[in-house]
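The values are calculated or read from the model by the stated rules, or taken from the named source; none is laboratory data. This structure is a prediction, so every number in the text was calculated from the model and none was measured. Here the Cβ is made from the backbone with ideal geometry for all residues, glycine too, and neighbour counts use every protein chain on show.
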Amino acid sequence: MIRRALAALTLVACTAGLTACGDDDSSGDGSGDSKELPTKTINVTVSGDSVTPNGDRVDVKVDQPIELVVKADAEGEIHVHSDPEKELEYGAGTTTLPPFTIDKPGIVEVESHALEKTIVQLEVK
Ligand SMILES: [Cu+2]
């Protein structure tokens with residue numbers, strides 16, 4: 001009897017938890033309500049110690065999804081000097097990195113620290 005009551009209680013707690021969680025999600029999704037901006041895809045090629053693009057300015061908008069597609073001959077890491085900074089790892093071959101957004105205007109450098117090169121400067125407007 002007691003065990004069954006406990007089980008029922010647990011179930012209720014779980015359901016309540018799920019509901020709360022769902023509510024959380026929909027309110028947290030507020031960013032999705034803003035105008036849908038097309039994803040900005042930036043193709044990056046890393047070969048030996050050279051990288052393309054190499055310091056180009058790229059115009060993006062605040063909250064626009066930015067997707068880096070990295071074609072590389074060896075694995076490495078890209079550093080996005082946003083606030084907070086992001087470190088995105090890629091493998092050898094072609095890697096599509098998870099899209100990210102920048103929530104305030106400014107210049108954000110995207111670098112390869114391994115190569116000590118600036119890949120692009122995102123001009124966020
Ligand atoms: Cu860096």
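Residue count for region 65-89 satisfying the condition of being over 11 Å from L122 (Cα atoms) and in contact (Cβ under 8 Å) with a residue 24 or more places away in the chain: 13. Among the residues of region 97-118, those that are over 18 Å from P53 (Cα atoms) and not in a loop (DSSP other than H, G, I, E, B) comprise F100, G106.
Look at G55 and say whether it is at pLDDT 95 or above and at positive phi.
Numbers: at pLDDT 95 or above: yes; at positive phi: yes.
Considered against the rule, which asks whether it is at pLDDT 95 or above and at positive phi, G55 comes out as yes.
For region 73-96, the count of residues that are more than 13 Å from the chain's Cα centre (by Cα), more than 16 Å from the ligand (Cβ to nearest atom), assigned to a strand (DSSP E or B) and surrounded by 17 or more Cβ atoms within 10 Å (Cβ to Cβ) is nonzero.
In this structure, is V62 among the aliphatic types (A, V, I, L, M), out of contact with any helix residue (DSSP H, G or I) (no Cβ under 6 Å at 6 or more places or on another chain) and either part of a strand (DSSP E or B) or within 16 Å of the ligand (Cβ to nearest atom) (or both)?
Working: among the aliphatic types (A, V, I, L, M): yes; out of contact with any helix residue (DSSP H, G or I) (no Cβ under 6 Å at 6 or more places or on another chain): yes; either part of a strand (DSSP E or B) or within 16 Å of the ligand (Cβ to nearest atom) (or both): no.
No.
Here is the figure for region 97-120: residues that are buried (at least 19 other Cβ atoms within 10 Å of the Cβ) and within 13 Å of the ligand (Cβ to nearest atom) total 6. Checking T10, T45, T19 one by one, the residue that is over 17 Å from V108 (Cα atoms), of a type in the set (S, T, N, Q) and at pLDDT 95 or above is T45 and no other.
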